[in-house]
Amino acid sequence: MQFSQTLAYHASMLLDTERTRQFQRAIHAAVREGDIVVDIGCGTGVLAFFACQAGAQHVYAIERGPIVGLARDLAEANGFADRVTFLHDTSWDADVPEQADVVVSETLWDFGLGEGIVDTIADASLRWLRPGGVVIPASFEMLLAPAALDRRARPPAGFEAYGLDLSPLTHAVIHSVGTVEDASTRLLGDMAAVGGIALPYAGPEAIVLSGRLRVARAGRLDALAGSFRARLYGKLLLSNLPPNEAPNWGHAVFPIEHPVEVEPGDVVEVEVVTYASDDSTWLWSTRVVRDGATVAESKQSTLEGLLDAAD
């Protein structure tokens, strides 16, 4: 049997017990009897239902997709229909009629940043969160590792097939940020933290991440692999770091335009930039250093990989 893509996507999140149970623990720890809760991007409504279990007086569950219809059915089936108001809208356009004690959102991408969580939570907190209110997740950090992903990171240079020159595809791909299901067996060094975000975010528009990644295994460096580690509430953590115990997430991929053979002891200096109001735009640079000398450098941007239909 095959399910629709929407149902399969949401089912995969529910079947990720590490993800779902950690959010349940965080919500049960944070929500107090009588609290008002806002759930942004509620999907099937499961986080809203956890808030009801924890004693929330009312939950405003915001979801722009058609799955909201199923969420209403699930609320009815679980006896929460009178305590959850579903708003079929984006959080930017939704109207929540009262202040909230807790704002929760599971909109973490494979790198933490990448699904608009920073700007979305900042906006929602400004408009709806009471002073001293709680945001889940409270913070997260981004981690990178040097990787040898080969063709999983890019089509081959000068790609030709079917009697056609498809090399422009290579240029578009290497200036795009992607994902792989699991990069753990292709890492050339350990994941290292390159920056962190506290929510609600009140920092500069440009979010600059940087670090020095140490190469532990020889190989052809052709990508940076990314993960996140989130603090949901208190000491409750959620991560897709290898070995990934939360399989709903894969690993982020930042291809490197000019792959280079690296050796143990090499250092990869990285800088990654995105924006609080647009975390679909990325700029990333790498510099491979061996014995104090630069071996290779690359600078890339998703602005180079944009698909433009204009004449």
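Of Ile121, Leu241, Gly43, which is farthest towards the positive pole of the chain's charge dipole, taken about the Cα centre with +1 and -1 on the beta-carbons of Lys, Arg and Asp, Glu respectively?
Looking along the dipole axis, the top candidate is Leu241.
For the pair Thr107 and Ala77, what calculated FRET efficiency results from E = 1/(1 + (r/R0)^6), where r is the Cβ-Cβ distance and R0 = 25 Å, to the nearest 0.05?
Working: r = 25 Å, r/R0 = 1.00.
The pair Ala77/Thr107 has a calculated efficiency of 0.50.
Given the Cα-Cα distance of His88 and Glu33 and 0.36 nm per residue of separation, how much length would full extension add, in nm? Mind dumping the intermediate values first?
Details: separation 55, 0.36 × 55 = 19.80 nm, distance 2.60 nm.
Separation in residues times 0.36 nm, less the Cα-Cα distance, equals 17.2 nm.
What relative contact order, as a whole-number percentage, does the chain give when Cα pairs under 8 Å and 6 or more residues apart are counted? List each step's numbers first, then the result.
Values: 722 pairs, mean separation 53.0, N = 311.
About 17 percent, as a whole number.
Could you give the length gained on full extension between Ser139 and Thr281, defined as 0.36 nm per residue of separation minus the Cα-Cα distance, in nm?
Numbers: separation 142, 0.36 × 142 = 51.12 nm, distance 2.10 nm.
Roughly 49.0 nm would be gained on extension.
I'd like to check one number: the per residue accessible area of region 56-102, probe 1.4 Å, reported in Å² as a whole number. Provide the component values of the computation, followed by the final result.
Values: 2450 Å² over 47 residues.
Roughly 52 Å² per residue, with all protein chains present.
Rolling a 1.4 angstrom probe over the protein heavy atoms, how many square angstrom per residue are accessible across region 177-288? Working shown, then result.
Working: 4810 Å² over 112 residues.
It amounts to 43 Å² per residue over region 177-288.
Give the range of the longest stretch in the chain that excludes all GluC sites (Glu not before Pro) found in loop regions by DSSP and having at most 13 other beta-carbon atoms within 10 Å.
Working: sites that count: Glu33, Glu98, Glu181, Glu205.
Value returned for the longest uninterrupted segment is 206-311.
Region 185-215: which trypsin sites (Lys or Arg not before Pro) are DSSP loop and have at most 14 other beta-carbon atoms within 10 angstrom?
Loop-located and lightly packed - none at all.
Given the rule -39500 (n - 2.57) for each run of at least 4 DSSP H residues, summed and divided by the residues of the chain, what is its mean residue ellipticity at 222 nm, to the nearest 500 deg cm²/dmol? Spell out each step's value before the answer.
On the way: 6 runs with 63 residues, N = 311.
After summing the helix terms and dividing by the residues of the chain, the value is -6000 deg cm²/dmol.
Tell me which chymotrypsin sites (Phe, Trp or Tyr not before Pro) from region 11-112 have a DSSP coil assignment and no more than 16 other beta carbons within 10 Å of their own.
On the way: sites: Phe23, Phe49, Phe50, Tyr60, Phe80, Phe86, Trp92, Trp109, Phe111; in loops: Phe80, Trp92.
Sparse-neighbourhood loop chymotrypsin sites (Phe, Trp or Tyr not before Pro): Trp92.
Put +1 on the Cβ of every Lys and Arg and -1 on every Asp and Glu Cβ in region 191-311; which of Ala216, Val289, Ser301 then has its Cα farthest towards the positive end of the dipole?
Ala216
What do you reckon, how do Arg21, Arg130, Arg64 stack up by accessible area (1.4 Å probe), largest on top? Don't jump to the answer; show the numbers that get you there.
Details: Arg21 135, Arg130 95, Arg64 180 Å².
Greatest to least solvent exposure: Arg64, Arg21, Arg130.
For Glu269, project a label point 7 Å along Cα to C-beta. Then give me every residue of region 205-226 with its amide nitrogen under 13 Å of that point.
Output list for this probe position: 210-213.
Give me the percent of accessible area attributable to carbon and sulfur for the chain, probe 1.4 angstrom.
Numbers: 7490 of 14690 Å².
Solvent-exposed carbon and sulfur of the chain make up 51 percent of the total.
By how many nm would the segment from Ala216 to Ala293 grow when fully extended, if each residue of separation counts as 0.36 nm and the alpha-carbon distance is taken off? Present the calculation step by step, with values, prior to reporting the outcome.
Numbers: separation 77, 0.36 × 77 = 27.72 nm, distance 1.79 nm.
That works out to 25.9 nm of additional length.
The values are calculated or read from the model by the stated rules, or taken from the named source; none is laboratory data. Worth saying up front: this structure is predicted, and the values here are computed from it rather than measured. Using ideal geometry, Cβ is built from the backbone for each residue, glycine included, and neighbour counts are taken over all protein chains shown. Quick note on the areas: whole protein, heavy atoms, side chains included, nothing else; ligands and nucleic acids left out. Shrake-Rupley method; radii C 1.70, N 1.55, O 1.52, S 1.80 Å.
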